[in-house]
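The values are calculated or read from the model by the stated rules, or taken from the named source; none is laboratory data. Bear in mind that the values here come from a model prediction, so they are computed numbers and not experimental data. Cβ placement follows ideal geometry from the backbone for every residue including glycine, while neighbour counts extend to all protein chains displayed. Note: accessible area is taken over every heavy atom of the protein model, side chains too, but ligands, DNA and RNA are not part of it. Shrake-Rupley method; radii C 1.70, N 1.55, O 1.52, S 1.80 Å.
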Amino acid sequence: MIFKGIFVYQQKYWHLMKELKTHSLYIQNFAISQSRNEQHLNIFLAITSSTSIAAWAIWKDHAFIWGVIIAVSQVVTAIKPFLPFKKRLAALNQLGDSISKLSLLAERDWFYVAEGKWTEHEIHSKWADLKEKSLTAEKKCLGNLTLPRNKGALQKAEEEADLYFVSTYH
């Protein structure tokens, strides 16, 4: 009965360790996505602001199209300070660092869990500490900032985590 109990807690810890690694990779992938969005927006604004007036003068036949592009560029420039990309990116970078540290901590302690060096109570305590620290990091880093779900980033993170655990722990 004791062996069965320890095995349940080992599994519980293992799942949390995988969750933390996946979460860390998801945050990293999501941050990359946010950075690309902001970069694309900045490139669009740079191109439209530097070429639209010249293009308008050259291609007078398409003056309406260029007028629309300039108008859109001006609207985007006006609303850009209210777009969440920079805020999200800063929060994601901070959260990513915190979750990565927790993931490493979980992996460091996995030896004691896997080898049966800790009791059920010790494993549960470590598991609860990691969960609590993860929630605290999210609250601290995100505050009242909400993040949309990014299915592509999540799927990639799950694949990367699976590959990591297969190659690291067989």
Cross-link reach list, aspartates and glutamates versus residue 131, counting only Cα pairs under 12 Å and skipping chain neighbours closer than eight places: 19
Spin-label pair residue 46/residue 167, simplified geometry with 7 Å Cα→Cβ offset, distance in nm: 3.3 nm
Gaussian network model of the chain, springs between alpha carbon atoms under 10 Å - residue of 11, 34, 94 with greatest fluctuation: 11
Between 0 and 90°, nearest 10: helix 85-114 axis offset from the chain longest Cα axis: 20 degrees
Cross-link pairs beyond the 21 Å C-alpha cut-off, checked among 101/126; 86/156; 21/87; 21/151; 126/151; 87/126: 86/156; 21/87; 126/151; 87/126
Between 0 and 90°, nearest 10: helix 120-142 axis offset from the chain longest Cα axis: 20 degrees
Karplus (6.51, -1.76, 1.60) ³J(HN,Hα), θ = phi - 60°, over the stretch 150-162, in Hz, Gly and Pro reported as x: 10, 4, x, 5, 5, 4, 5, 5, 4, 5, 5, 5, 4
Structure-based [θ]222 nm, the chain - -39500 (n - 2.57) summed over DSSP H runs of at least 4, per residue, nearest 500: -31000 deg cm²/dmol
Those residues of the stretch 105-135 whose amide nitrogen sits under 17 Å from the label point placed on residue 147, 7 Å along Cα→Cβ: 131-135
By accessible area with a 1.4 Å probe, ligands and nucleic acids excluded, highest first: order of 6, 47, 123, 32: 47, 32, 6, 123
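Would you mind getting me the FRET efficiency between residue 104 and residue 65? Use the beta-carbon distance for r and R0 = 35 Å, nearest 0.05.
On the way: r = 53 Å, r/R0 = 1.51.
That gives a FRET efficiency of 0.10.
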Area accessible to solvent at residue 97, 1.4 Å probe radius, in Å²: 100 Å²
On Cα atoms only, tilt of 63-79 relative to the major axis of the chain in degrees: 40 degrees
Ranked order, 88, 36 - accessible area, probe 1.4 Å, largest first: 36, 88
Isotropically averaged projected area of the chain, using the convex hull of Cα atoms (one quarter of hull area), nm²: 12.8 nm²
